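Please read the structure below before turning to the comments.
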Amino acid sequence: MKIREKKSVFKGFYELFSVKLEEEYSGKIIDREQFNLFDSVAALVWDTQLQKVILVKQFRVGAEKALIEIPAGKRDVEGESASTTAIREIEEEIGYQTDSIKEIAKFFTTPGPVTERMTLFYAEVSHQSGSGGGVKDEHENIELIKMDATTFLQTTFEDAKTIIAQQWFQIHHQN
């Protein structure tokens, strides 16, 4: 497939493009929509003092309900590295200072229509210096959830990044 034409048809909180693709073997033109999103980060956060995974619960418009998930956010600060964004999101959402951070994986969140690529991290924390809860100007209303390793591994999540983090934790975490 080759992109023959791409034009913005809507710009709000997100941007929607109309894309014309040409099939290489037949020359046929196909119309598709592409949602242009910022790349993002997420972090599986382990509190080494409490021996718990720190999660967030917040309303998600796509799911039309609150979900329990790992902290995450958009990479919307020009020039900021993915790890710096993750550290900032950890502080904003759950109020923790990050002791160490390690990249786990990079992946497309919804590769069919969405441009967003997420970088997933494992972060260790030991000191909560703030209340978290998100940034009020961003209209975030985030509740902190703390789970021991067993509960985290036995919980059924509906959020893909959290499921990926849960599987990584199952393989790599040593109690």
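The values are calculated or read from the model by the stated rules, or taken from the named source; none is laboratory data. Just so it is clear, the structure is predicted and the values come from calculations on it, not from any experiment. When we count neighbours, we look across all protein chains shown, and the Cβ atoms used for this are built from the backbone with ideal geometry, even at glycine.
Remarks
- The one condition in (1) outside any strand (DSSP E or B); (2) farther than 14 Å from Ala42 by Cβ; (3) in contact (Cβ under 8 Å) with a residue 60 or more places away in the chain; (4) not aliphatic (A, V, I, L, M) that Asp76 fails to fulfil: (3)
- Summed over region 50-70, the residues that are buried (at least 16 other Cβ atoms within 10 Å of the Cβ) and among the acidic types (Asp, Glu) give a count of 1.
- Val114 among the β-branched types (Val, Ile, Thr) and either in contact with a Ser or Thr (Cβ under 7 Å, 6 or more places away or on another chain) or modelled with pLDDT of 95 or more (or both): no
- When the criteria are applied in full, Asp31 meets the requirement of being within 17 Å of Thr115 (Cα to Cα), part of a strand (DSSP E or B) and either free of Cβ contacts under 8 Å to residues at least 24 places away in the same chain or within 19 Å of the chain's Cα centre (by Cα) (or both).
- All positions within region 90-109 that are of a type in the set (Val, Ile, Thr) and either crowded, with 18+ Cβ neighbours inside 10 Å or part of a strand (DSSP E or B) (or both): Ile90, Ile94, Thr98, Ile101, Ile104
This table checks each residue for (1) among the charged types (D, E, K, R); (2) more than 13 Å from the chain's Cα centre (by Cα).
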position	(1), (2)
Leu67	no, no
Glu89	yes, no
Ile101	no, yes
Gly112	no, yes
Ser129	no, yes
Ile142	no, yes
Met147	no, yes
Thr150	no, yes
Asp159	yes, no
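- Condition check for Leu16: under 28 Å from the mean Cα position of the chain (by Cα), without any contact (Cβ under 8 Å) to a residue 40 or more places away in the chain and surrounded by 14 or more Cβ atoms within 10 Å (Cβ to Cβ): yes
- Some residue of region 30-41 being under 20 Å from Gly130 (Cβ atoms) and crowded, with 16+ Cβ neighbours inside 10 Å: yes
- Residue identified as without any contact (Cβ under 8 Å) to a residue 60 or more places away in the chain and either outside the structural domain of Val53 (by TED's automatic domain parsing) or surrounded by 16 or more Cβ atoms within 10 Å (Cβ to Cβ) (or both) among Ile87, Ile163, Ile145: Ile87
- Odd one out for Gly130, checked against (1) within 22 Å of Thr48 (Cβ to Cβ); (2) outside any loop (DSSP other than H, G, I, E, B); (3) modelled with pLDDT under 95: (2)
- Matching entry among Asp99, Asp31, Asp47 (being under 21 Å from Gln167 (Cβ atoms) and out of contact with any helix residue (DSSP H, G or I) (no Cβ under 8 Å at 6 or more places or on another chain)): Asp47
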